[in-house]
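Colleague: Right, I'll just put the structure down here and ask away after.
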Amino acid sequence: MIDLRSDTVTKPTKEMRQAAFDAPVGDDVYGEDPSINELERLAAEKLGKEAALYVPSGTQGNQIAVLTHCQPGQEVILEATSHIFVYEGAAISALAGVQPMTIKGERGAMNPRDVAAAIRGENIHFPETGLICLENTHNKAGGAVVPLENMQAIYETAKERGIPVHLDGARLFNAAVASGVDVKEYAACTDTVQFCLSKGLGAPVGSIIAGSATFITRARKWRKRLGGGMRQAGIIAAPGLVALRTMIDRLADDHANARILAEGLGAIAGLRIENQVDTNILLVNTEDAGLNSEEFLARLKDVGVLAVPFGPNTVRFVTHYDVSREQVREVVGIMEELLR
Ligand SMILES: *Cc1c(COP(=O)(O)O)cnc(C)c1O
């Protein structure tokens, strides 16, 4: 099987497994796990933030951010197809007691004027705006890189109105590698950032949230409340250190592979590429082949290729460390054959 469902399917490398084996550990709830402490230190340094926190998943990282920034009854501004709104089981409402105010973006980027207009004024009837969430790269927009200037403009408005900004940067390193903009620059236009170690960076488990030292102290308490306080978790965090030290620059290979896949599949009659391929995500429309996404995926699976549905006629392919350039070319050949 060539598995292009997600970059989350990457398996830990030999070096990561060795790092897990060798990891110095301690009780992280007491702050005594040297591997976690080092991972949090390095992550904060990379993002240019005061402090960081290792959490079990990206979803928990985002939810801790919302819980820490907001009070129940507030409103969160976020993009209409953002991961936090679409793919987190309405957790911001179920857990933090806030309601979403969605704005439709362009390739994942909300218009700063729309954001400014969505911020609530003082009125006894209204909820207060408690937080603005951004996403970069934007998953539903096909791994689109949200431009730095867009984030800066939104952050400026947010600062003027005294509203914090959180970045769901699950694939922030993909954005940085694709655009040549340092992750620090993206992080500088947000108060807090979440990124995944377990996606393109290849680590087996975990995400990081970063922000001010005060914020992270409060976030640490929320992580404990949610049952995310882990003990000798250096075992799973040590591969994350390997990821941050060795797996960032190679994301460019995944991006190149996604472009090769886009060119190959785009030339096949019946398939249409829906997105501008900025990073490692490719959205393919199957309508002209007379197949909906589920039918298309079933046929694809029969010939040894996996992807996921992303709409009635849209299929998402994600390139990653465990899919080689050769395999990407093989997939193009397989699909040519399939749709002949
Ligand atoms: C994957 C992803 C998450 C959540 O990460 P999990 O570790 O799967 O919970 C959050 N935001 C975006 C944009 C993602 O792609």
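The values are calculated or read from the model by the stated rules, or taken from the named source; none is laboratory data. Just so you know, these numbers come straight off a predicted model, no measurement behind them. Counting neighbours? That spans all protein chains shown, and the Cβs are built from the backbone with ideal geometry, glycine included. When the accessible area is computed, the model is the full protein with side chains, heavy atoms only, and any ligands, DNA or RNA have been set aside. Shrake-Rupley method; radii C 1.70, N 1.55, O 1.52, S 1.80 Å.
Colleague: Within the stretch 248-287, can you find the residues that are assigned to a loop (DSSP other than H, G, I, E, B) and without any contact (Cβ under 8 Å) to a residue 24 or more places away in the chain?
Modeller: The initial filter retains those residues of the stretch 248-287 that are assigned to a loop (DSSP other than H, G, I, E, B), namely 248-250, 267-271, 274-280, 286.
Within the stretch 248-287, Ala267 is the sole residue that qualifies.
Colleague: Within the stretch 69-98, track down each residue that is among the aliphatic types (A, V, I, L, M) and assigned to a loop (DSSP other than H, G, I, E, B).
Modeller: Once the filter is applied, which keeps residues that are among the aliphatic types (A, V, I, L, M) and assigned to a loop (DSSP other than H, G, I, E, B), the stretch 69-98 yields Ala80, Ala90, Leu95, Ala96, Val98.
Colleague: If you scan the stretch 33-63, which residues turn out to be farther than 22 Å from His83 by Cα, in contact (Cβ under 8 Å) with a residue 40 or more places away in the chain and either open to solvent by 50 Å² or more (accessible area, probe 1.4 Å) or not aliphatic (A, V, I, L, M) (or both)?
Modeller: Hits for the stretch 33-63 are Asp33, Pro34, Ser35, Glu38, Glu40, Lys46, Gly48, Lys49, Glu50.
Colleague: Residues that are in contact with a Phe, Trp or Tyr (Cβ under 6 Å, 6 or more places away or on another chain) and buried (at least 16 other Cβ atoms within 10 Å of the Cβ): does the stretch 14-32 have at least one? Don't jump to the end; show me each part of the working.
Modeller: Of all residues in the stretch 14-32, those in contact with a Phe, Trp or Tyr (Cβ under 6 Å, 6 or more places away or on another chain) come to none.
Within the stretch 14-32, none of the residues are in contact with a Phe, Trp or Tyr (Cβ under 6 Å, 6 or more places away or on another chain) and buried (at least 16 other Cβ atoms within 10 Å of the Cβ).
Residue-wise test of (1) more than 12 Å from the ligand (Cβ to nearest atom); (2) open to solvent by less than 10 Å² (accessible area, probe 1.4 Å).
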position	(1), (2)
Arg171	no, no
Ala175	no, yes
Lys184	yes, no
Cys189	yes, yes
Lys199	no, no
Val205	no, no
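Colleague: What pairs come up if the first residue lies in the stretch 139-159 and is on the phi > 0 side of the Ramachandran plot, the second is within 16 Å of the ligand (Cβ to nearest atom), and their beta carbons are under 6 Å apart, counting only those six or more places apart or on different chains?
Modeller: Listed pairs, sorted by first residue: Gly142/Asn275; Gly142/Ile281; Gly142/Leu283; Gly143/Thr137; Gly143/Asp278; Gly143/Thr279; Gly143/Asn280; Gly143/Ile281.
Colleague: Just a yes or no: is a residue in the stretch 227-240 under 24 Å from Ser82 (Cβ atoms), part of a loop (DSSP other than H, G, I, E, B) and more than 13 Å from the ligand (Cβ to nearest atom)?
Modeller: no
Colleague: Same structure again: Kindly provide the set of residues from the stretch 315-340 that are hydroxyl-bearing (Ser, Thr, Tyr) and out of contact with any Asp or Glu (no Cβ under 6 Å at 6 or more places or on another chain), ordered by number.
Modeller: Within the stretch 315-340, Tyr321, Ser324 qualify.
Colleague: Also: Within the stretch 111-119, can one find any residue that is within 16 Å of the ligand (Cβ to nearest atom) and open to solvent by less than 40 Å² (accessible area, probe 1.4 Å)?
Modeller: Checked the stretch 111-119: no residue is within 16 Å of the ligand (Cβ to nearest atom) and open to solvent by less than 40 Å² (accessible area, probe 1.4 Å).
Colleague: Which of (1) within 22 Å of Glu75 (Cβ to Cβ); (2) in contact with a Ser or Thr (Cβ under 7 Å, 6 or more places away or on another chain); (3) open to solvent by less than 10 Å² (accessible area, probe 1.4 Å) is the odd one out, the single condition Trp222 does not satisfy?
Modeller: Only one criterion in (1) within 22 Å of Glu75 (Cβ to Cβ); (2) in contact with a Ser or Thr (Cβ under 7 Å, 6 or more places away or on another chain); (3) open to solvent by less than 10 Å² (accessible area, probe 1.4 Å) is unmet by Trp222, namely (3).
Colleague: Could you grab the pairs with beta carbons closer than 6 Å, sequence gap of 6+ or different chains, first residue in the stretch 180-209 and among the acidic types (Asp, Glu) and at pLDDT 95 or above, second one open to solvent by less than 30 Å² (accessible area, probe 1.4 Å) and within 16 Å of the ligand (Cβ to nearest atom)?
Modeller: Final answer for the pair search is Asp191/Val165.
Colleague: Can you confirm whether the stretch 144-157 contains a residue that is open to solvent by 20 Å² or more (accessible area, probe 1.4 Å), at pLDDT 95 or above and closer than 21 Å to Phe310 by Cβ?
Modeller: Yes - at least one qualifying residue is present in the stretch 144-157.
Colleague: Right, something else. Return yes when Ile154 is more than 16 Å from the ligand (Cβ to nearest atom), over 16 Å from the mean Cα position of the chain (by Cα) and not in a helix (DSSP H, G or I) and no when it is not.
Modeller: no
Colleague: If I filter the stretch 184-206 for residues that are at positive phi and in contact with a Gly (Cβ under 7 Å, 6 or more places away or on another chain), do I get at least one hit?
Modeller: Yes.
Colleague: Can you tell me which residue in the stretch 207-219 is nearest to Glu50 (Cα to Cα), limited to those that are open to solvent by 40 Å² or more (accessible area, probe 1.4 Å) and not aliphatic (A, V, I, L, M)?
Modeller: Restricting to residues being open to solvent by 40 Å² or more (accessible area, probe 1.4 Å) and not aliphatic (A, V, I, L, M), the top hit is Ser212.
Colleague: Still on this structure: Which of the residues that make up the stretch 322-340 are more than 12 Å from Gly264 (Cβ to Cβ) and crowded, with 21+ Cβ neighbours inside 10 Å?
Modeller: Val323
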